[in-house]
Structures are given as C-alpha cells and as structure tokens.
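Asks: This is the structure I want to talk about, given as structure tokens.
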Amino acid sequence: MDQNNHFTRRQVVTGLGASIAAMAISPVISRSGSLSPVMNNHATTAAGNTAAPLENPLNKYPKPPFQPQSQPWPALASKMIPKPDHGETSYKGSGRLTGRKALITGGDSGMGRAAAIAYAREGADVVINYLPDEQSDADEVLALIKKEGRKGVGIPGDLRDEAFCKKLVDDAVKALGGLDILVSNAARQQSHESILDISSEQFDWTIKTNIYAPFWIIKAALPHLPPGAVIIGTTSVQAYDPSPNLYDYAQTKAATMNFVKSLAKQLAPKGIRVNGVAPGPIWTPLQVSGGQTMEKLKKFGEDSPMGRPGQPAELASIYVQLAASDASFSTGQVYGAAGGGGQP
Ligand code: NAD
Ligand code: MG
C-alpha cells in the first residue's frame, strides 16, 4: 500500500464517524499485516484516538413493555425503572466548547442533564436550573460537571415567576462571568384525554412554563450575549404532529419551534444563532409524572420505527453541535431525534 494513499485515508478517517472509519481503514491495516482493528471492531485515527465500536441502535437501549410506574410531578430520574441514560459513563468530550459559559433550564434530568454533562466534558462551565424538589437529581449532575474540573452551579427555582427568571439569568451571569450558551429546555407536560379536562389553572401552568419563561429568560439574557453566542430551545415532534391527549403542551412546542425561526432572523445581524432540538419519545421523568397515560407509558416508544424510546444521551451530541462555533451558518434550524418517526 502506497504510504501517501495510506495517510490520505487516515486523515479522511479522522473526521468521520466510527462506522465509516472502520470501513475505510480496515483494508489498509489488514493488508499491512499489523494488528487489525477490525478484529475488535475499533478504528484508530492518525491522532491515536480509538473510535467506539459499531453499535446497532435498535438494541442499544431498553424496549417496551415498561414496568408501570408513576411518580409525583416533577419526578426524579434516579427513581425511574430503568434509569435513563444521560451519558454519565459514555459521553466523551473533545474540547469543542472550551471556556464557554452555559445556562441550561431543566438541567437536572432528561435532555437538559444530557446537555449539561456533555457541555462540561466539552470544556464549558455550566449553570443548571431546576425545581427545589429535584435537588437530588441536580446534585448528581453538578458532581459530574465538577468532576470534569469545570464550574457547575445549581440555581433552583420556579420559572413561572418572571422575577425569578430575571434573577436566574443575573445570578448565572455572575457565577459564570458572562453567558454565551442558553438552553431553554424546561417544560411542563401533562396528559389530558379531553380539552374539557384542562382547567384554566392547568392551561396557565403549561403556558407559563413553556412559553412565558423562555420569553422572560431570553429577554434577560440578550444584553449579556456576545456575537457568537447561541440560544437552543427544546421543541418536540409534538410541534408538527400533535397527540390528541397533549392539546396544551403540543401547542407550546409549536410556539417554541416558531420562536426559534423568528428569533434566528432577528438575532442573525447580532451574530447570535438560535436553533431547536425536536425529540421524539424519550425516556425521562416528564413521562412518568403525568406526561403519559399508564397505557401509553407501558408501550412507550413502541410506535417509533426503532420500536423503542430514545435515551437523553442519544441527543447530547445534538446540543453540542448546535452550540459549537463550527456550526456557525446554522441558525433557525430544528434538529430532530425521533428514531425514524416524526418531523422535522
Ligand atoms: P425532564 O422532566 O427531565 O425535564 C423537564 C424539566 O423541566 C424538569 O427536570 C424540571 O426541572 C423543569 N421544569 C418543569 N417545570 C418547571 C418550572 N415551573 N420551573 C423550573 N423548572 C421546571 O423531561 P425531558 O423530557 O427531558 O424534558 C426536557 C425537554 O424535552 C422539554 O422541553 C420537553 O418538552 C422536551 N421533550 C421531551 C420529550 C420526551 O419524550 N421526553 C419529547 C419531546 C420534547
Ligand atoms: Mg427533572
């Protein structure tokens, strides 16, 4: 094998995913007679990094049926059966967000926790917000952030309160010495079979948490965000194809998808990007504390083409990618992760 060709291949491989890496490098290695990485399904890059082995996404995580379970809202990840995977043992960083300062709402569990762990491992300092009842979940996240040698600060409080939203941003800016990543991720989801079952109080609760709080937080954050900063909203497949039992929640996710697109246009001249993540069914506390009926929970994720729900860890790299500076031309975009179903 020609050495130049060998190196060209290796350099190409360095920038590709594990599966492609394994395919591209295997003929080179086996013909040279050296220890074949194909034997253990690992590929080694020119930089000496070892890629993760290929995994079949179908079998990677638990499938339904799930054990019936219910927790009082807002529920703890630590008490779910099985426990969700937020990337605690799997996410590996590579310095993509070194020195960045992130505020993540709902950072104690679910997608917010997966993003918080990944951001810290990519080199960012992270403030997480959550409800006081979720302190034990938050403590686990803060310990993982600190283990990376990054600053991890918890600021509990209820986002339905405008004054608290402003204070949250102010305190986060003080704790971090600035702010350049804002992940508006917290949300309220309660299943109601009929619109007639939704009281004005419940409706207000959902709208305050999912629509007003991001409005208040983004307004408070904007004066602090420098060019290059990013705002990421967690929307949902519900924004595009709403379920009959999620009348109020689904319309707030449509609102999130919509504000991502309007704010992206408004803030592009300031050099601030705004993007969204649209998960499909993901195994998180929101689903076991009134977010689904027990019947739906037992079969959760069954309808997705992969036949299982996603785990928060499977979305971590999306939050990283949307925050990273090399995604500099992506704004007003919504990135889906729904196991083959849903939109966008
Ligand atoms: P989760 O329960 O882990 O996270 C939601 C968080 O919202 C909670 O941890 C809580 O800290 C926070 N929160 C709720 N009300 C609050 C309030 N009044 N004040 C402060 N914090 C409050 O569940 P998750 O599924 O990871 O949810 C994260 C985001 O993902 C939400 O925006 C949700 O709409 C979205 N989403 C989830 C799914 C799914 O299947 N789990 C699918 C699509 C979208
Ligand atoms: Mg939580």
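Asks: For the range 253-287, how many residues are within 10 Å of ligand 1 (Cβ to nearest atom), in contact with a Ser or Thr (Cβ under 6 Å, 6 or more places away or on another chain) and either assigned to a helix (DSSP H, G or I) or modelled with pLDDT under 95 (or both)?
Replies: 3
Asks: Looking at the range 305-321, is at least one residue under 22 Å from Tyr119 (Cβ atoms) and not in a helix (DSSP H, G or I)? Full working, then the answer.
Replies: Start the filter on the range 305-321 by keeping residues that are under 22 Å from Tyr119 (Cβ atoms), which leaves 310-321.
Restricting the remaining residues to those that are not in a helix (DSSP H, G or I) gives 310-311.
Yes, that holds for at least one residue.
Asks: On to the next question. List the pairs whose first member sits in the range 132-159 and is over 21 Å from Ala313 (Cα atoms), whose second member is polar (S, T, N, Q) and within 12 Å of ligand 1 (Cβ to nearest atom), and whose Cβ atoms are under 9 Å apart, counting only residues at least 6 apart or on separate chains?
Replies: These pairs meet every condition: Ile155/Asn129; Pro156/Asn129; Pro156/Gln135; Gly157/Asn129; Asp158/Thr209; Leu159/Thr105; Leu159/Asn129; Leu159/Thr209.
One line per residue, one yes/no per condition, for (1) within 16 Å of ligand 2 (Cβ to nearest atom); (2) closer than 22 Å to Glu134 by Cβ; (3) out of contact with any helix residue (DSSP H, G or I) (no Cβ under 8 Å at 6 or more places or on another chain):
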site: Ile181; (1), (2), (3): no, yes, no
site: Glu193; (1), (2), (3): no, no, yes
site: Asp197; (1), (2), (3): no, no, yes
site: Ile211; (1), (2), (3): no, yes, no
site: Ile217; (1), (2), (3): no, yes, no
site: Ser243; (1), (2), (3): no, no, no
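Asks: Given the condition open to solvent by 10 Å² or more (accessible area, probe 1.4 Å) and away from ligand 1 (no atom under 11 Å from the Cβ), answer yes or no: does some residue in the range 105-119 qualify?
Replies: No; the residues of the range 105-119 include none that is open to solvent by 10 Å² or more (accessible area, probe 1.4 Å) and away from ligand 1 (no atom under 11 Å from the Cβ).
Asks: For Leu182, state whether it is more than 10 Å from ligand 1 (Cβ to nearest atom) and open to solvent by less than 20 Å² (accessible area, probe 1.4 Å).
Replies: Working: more than 10 Å from ligand 1 (Cβ to nearest atom): yes; open to solvent by less than 20 Å² (accessible area, probe 1.4 Å): yes.
Criteria met by Leu182.
Asks: Determine if the range 298-309 includes at least one residue that is within 16 Å of ligand 2 (Cβ to nearest atom), more than 27 Å from Thr89 (Cβ to Cβ) and modelled with pLDDT of 95 or more.
Replies: We begin by selecting, within the range 298-309, every residue within 16 Å of ligand 2 (Cβ to nearest atom); these are none.
Looking for residues that are within 16 Å of ligand 2 (Cβ to nearest atom), more than 27 Å from Thr89 (Cβ to Cβ) and modelled with pLDDT of 95 or more, one finds none in the range 298-309, hence no.
Asks: For the range 238-263, name all the residues that are of a type in the set (A, V, I, L, M, F, W, C), buried (at least 22 other Cβ atoms within 10 Å of the Cβ) and either touching a strand residue (DSSP E or B) at 6+ places or on another chain (Cβ under 6 Å) or outside the structural domain of Thr331 (by TED's automatic domain parsing) (or both).
Replies: Start the filter on the range 238-263 by keeping residues that are of a type in the set (A, V, I, L, M, F, W, C), which leaves 239, 246, 250, 254-255, 257, 259-260, 263.
Next, from what is left, pick out any that are buried (at least 22 other Cβ atoms within 10 Å of the Cβ): 239, 260.
Scanning the range 238-263 gives a single hit, Val260.
The values are calculated or read from the model by the stated rules, or taken from the named source; none is laboratory data. All values derive from a computational prediction rather than experimental measurement. Neighbour counts are summed over all protein chains in view; Cβ atoms, including those assigned to glycine, are modelled from backbone coordinates with ideal geometry. Heavy atoms of the whole protein, side chains included, go into the accessibility calculation; ligands, DNA and RNA do not. Shrake-Rupley method; radii C 1.70, N 1.55, O 1.52, S 1.80 Å.
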